[in-house]
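First the structure, in the form of structure tokens, and then the observations on it.
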Amino acid sequence: MAAEIAAAAGLRVAVFDHMPTPARKLLLAGRGGLNLTHSEPLDRFLPRYGAAEPLFRRLLAGFPPDDLRGWAAGLGIETFVGSSGRIFPVQMKASTLVRAWLRRLDGLGVTLHSRHRWTGWDDAGALDFRHGEESVTVAPRATLLALGGASWPRTGSDGGWVPLLEGLGVEVAPLAPSNMGFEVPWSDHLRDRFAGQPVKSVGLSAVDRSGAVRRLKGEFVITGTGIEGGAVYALSAPLRDAIAAEGWATLTLDLLPDMPDAELVRRLRHRSAESLSTFLKKSLSLTGPRAALLREFAPAADLSDPVTLARRIKRLAVVLTGVRPIERAISSAGGVRLSELDERLMLARRPGLFLAGEMLDWEAPTGGYLLQGCFAMGTAAGRGMVEWLGREENNSSPAPGEGMEPTAAGRTNADRRS
């Protein structure tokens with residue numbers, strides 16, 4: 001996004017990518033249909049960014065969800081609003097969008113250099129890259145780093161940039177998994193019988209660091225090691241923080257979120273001599289993994305009293321004992337502290353160096369909020385670069401693009417121009 005903004009403003013732009021082909025994490029996100037953004041009003045949208053809401057209030061003012069849909073339409077990618085309010089391309093493919101986007105960038109004169117891994121700066125302040133057996137040096141007038149966090153490192157985001165920026169004195173919050181699963185010490189019976197099965201139409205709640213209770217309704221999947229899924233991801237931040245502080249966390253389930261407590265107690269009082277499983281099935285349609293979860297976490301003594309049983313059904317405490325590895329998380333939290341950046345997303349301690357994306361200290365749930373945030377951030381960074389270079393030009397800086405030609409040194413250190 002930043003490259004497109006800068007190139008459209010007449011600047012000469014080069015993109016250096018660590019991987020053999022670009023946009024690998026976007027393509028990975030597209031496996032589920034590429035949830036670009038969400039249709040909910042901004043007064044509900046913005047709080048999804050938690051502590052970073054002030055930043056995204058400004059960013060989304062400059063590039064809101066409707067602008068993202070319009071941008072995609074300009075690439076020939078029509079979008080639609082799903083029943084959940086999430087917005088997807090009609091073709092439900094990321095690859096089509098990426099191909100169209102690369103054609104647009106090529107038409108704007110943007111050059112793409114693949115298999116270039118950034119390794120830091122040389123003594124003169126130029127960017128150093130490794131390209132095969134060669135060392136490549138590039139000295140641009142402005143640089144944007146958008147290197148990702150540390151989730152799904154096989155797509156290129158491995159967090160290798162952290163020591164390089166810390167070497168500048170930049171404060172970096174430790175990278176941590178976000179939108180990830182959790183570990184639960186299942187009984188052998190539940191694991192063997194229900195691993196891989198979804199738990200649908202349940203309420204979930206967790207307490208965040210401020211003591212506020214966060215609630216939602218959704219579904220998740222029982223895995224061999226714990227739980228995964230969209231509803232769990234939406235609560236992953238407070239659950240992760242609790243595990244970091246205490247070594248465990250409590251996820252509270254409402255197995256019948258659409259039934260009031262009083263109605264539930266009334267039905268439970270009419271139990272006859274039939275077995276509990278038969279009674280729960282006939283009177284409450286509580287079967288399968290939901291019934292199994294009740295038996296897994298409710299003490300046997302609580303299953304015979306209607307009031308106590310109702311309390312367990314509506315407020316079933318599931319103890320989480322661990323967080324799934326960051327390598328398998330959808331995204332990551334932590335990164336460069338937002339206080340290190342100015343309003344243009346430029347690093348205050350190194351003028352001309354801009355940062356964007358998941359390498360910054362923010363997080364958001366799945367549902368379109370992550371991608372919308374990244375698109376808006378890239379747009380803001382591109383505009384910030386254009387604005388800053390304009391000021392530099394007025395101060396007699398070189399012409400746009402001057403000094404950007406890569407210099408490569410082979411093993412013999414024989415310099416050459418490319």
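Read the figures in this text as sums done on the coordinates, not as results from a lab. Just so you know, these numbers come straight off a predicted model, no measurement behind them. Neighbour counts run over all protein chains shown; Cβ positions are idealised from the backbone, glycine included.
Extension gain, T250 to D192: 0.36 nm times the residue separation minus the Cα-Cα distance gives 18.6 nm.
One compactness figure for the stretch 272-401 is 1.95, namely its Cα radius of gyration divided by 2.2 N^0.38 Å. Between D258 and L28, what FRET efficiency follows from the Cβ-Cβ distance if R0 is 60 Å, with the result rounded to 0.05? About 0.95, to the nearest 0.05.
Both radii were evaluated on the Cα set of the stretch 189-342; the Rg over Rh quotient, with Rh as the Kirkwood radius, amounts to 1.04.
For the chain, the relative contact order is 24 percent, taking Cα pairs closer than 8 Å that sit 6 or more residues apart in sequence and dividing their mean separation by the residue count.
Here the simple spin-label model places points 7 Å from the Cα toward Cβ, and for T111 and Q91 these points are separated by 2.9 nm. For the stretch 72-223, the spherically averaged projection of the C-alpha convex hull amounts to 15.7 nm².
Once the Cβ-Cβ distance of R44 and R130 is raised to the sixth power relative to R0 = 56 Å, the FRET efficiency obtained is 0.80. Over the C-alpha trace of the stretch 34-126, radius of gyration and Dmax come out as 17.3, 55 angstrom. Dividing the summed -39500 (n - 2.57) terms of all DSSP H runs of n ≥ 4 by the residue count of the chain sets its mean residue ellipticity at 222 nm at -9500 deg cm²/dmol. Normalised by the number of residues in the stretch 92-232, the mean separation of alpha-carbon contacts (under 8 Å, six or more apart) gives a relative contact order of 13 percent. Judged by the mean number of other Cβ atoms found within 10 Å, the most tightly packed of the peptides 36-49, 259-272, 327-340 leads the ranking 327-340, 36-49, 259-272. Sequence-distant contacts, meaning Cα pairs under 8 Å at least 6 residues apart, place the relative contact order of the stretch 182-323 at 31 percent. Building the convex hull from the alpha-carbon atoms of the chain and averaging its projection over directions returns 23.4 nm². List the lysines whose alpha-carbon lies under 17 Å from that of K281, not counting same-chain residues fewer than 8 positions away? The qualifying lysines are K200, K314. A full extension of the chain between K217 and F80 corresponds to an added length of 47.0 nm, given 0.36 nm per residue minus the alpha carbon distance. Compactness of the stretch 75-142 was expressed as the Cα radius of gyration divided by 2.2 N^0.38 Å, which yields 1.69. Using the alpha-carbon positions of the stretch 265-332, Rg (one decimal) and Dmax (whole number) come out as 15.8, 51 Å. Take the Kirkwood radius over Cα pairs of the stretch 142-183, plug it into Stokes-Einstein at 37 °C and 0.692 mPa s, and you get 278 µm²/s for translational diffusion.
Sorting the segments 226-235, 86-95 by their residues' average number of neighbouring beta-carbon atoms within 10 angstrom, most packed first, yields 226-235, 86-95.
Select from the stretch 101-177 those GluC sites (Glu not before Pro) which occupy a DSSP coil region and have at most 14 other Cβ atoms within 10 Å, ordered by residue number. Loop-located and lightly packed - E133, E171.
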